[in-house]
1. Can you give me the number of residues within the stretch 38-58 that are modelled with pLDDT of 75 or more and surrounded by 13 or more Cβ atoms within 10 Å (Cβ to Cβ)?
2. Working only within the stretch 59-96, note down all residues that are more than 19 Å from residue 18 (Cβ to Cβ) and surrounded by 10 or more Cβ atoms within 10 Å (Cβ to Cβ).
3. Listed residues 6, 20; which is in a strand (DSSP E or B), modelled with pLDDT of 65 or more and in contact with a His (Cβ under 9 Å, 6 or more places away or on another chain)?
Amino acid sequence: MVLEVTAKDPETGKVLYHDTRKYFEIGLDLDGFMRYGAWQIKEIVDLTLQPLKTQHERFFFTFDQKDLEKAEIAVNVYYYISGKKGDLIYQEKKVVEFPEMP
């Protein structure tokens, strides 16, 4: 699974921020190979989504533009059943407006 967050300026379409987080099944790496080393098992457990559990993520970012009044934040979740073909399973977009500071 891949979680992707993108922030754009809604007026110009310029990408202001982009980040991704990747998760994979226990026992398989991102290339689909089995991993059994002790240090690899810890990495797998840390990066694995457990069945029927919710994983909360936070992305903290700042914008360089001082005159930015709003930004469009898009969140996409892709599921990769095998190989390089990922299916979009969740998407949400919101426009966030920034209040003018006195």
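The values are calculated or read from the model by the stated rules, or taken from the named source; none is laboratory data. Just so you know, these numbers come straight off a predicted model, no measurement behind them. With ideal geometry, Cβ positions are generated from the backbone for all residues, glycine too; neighbour counts draw on all protein chains shown.
1. Qualifying residue count for the region: 0.
2. Result: 69, 79, 89.
3. None of the other options fit; the residue is 6.
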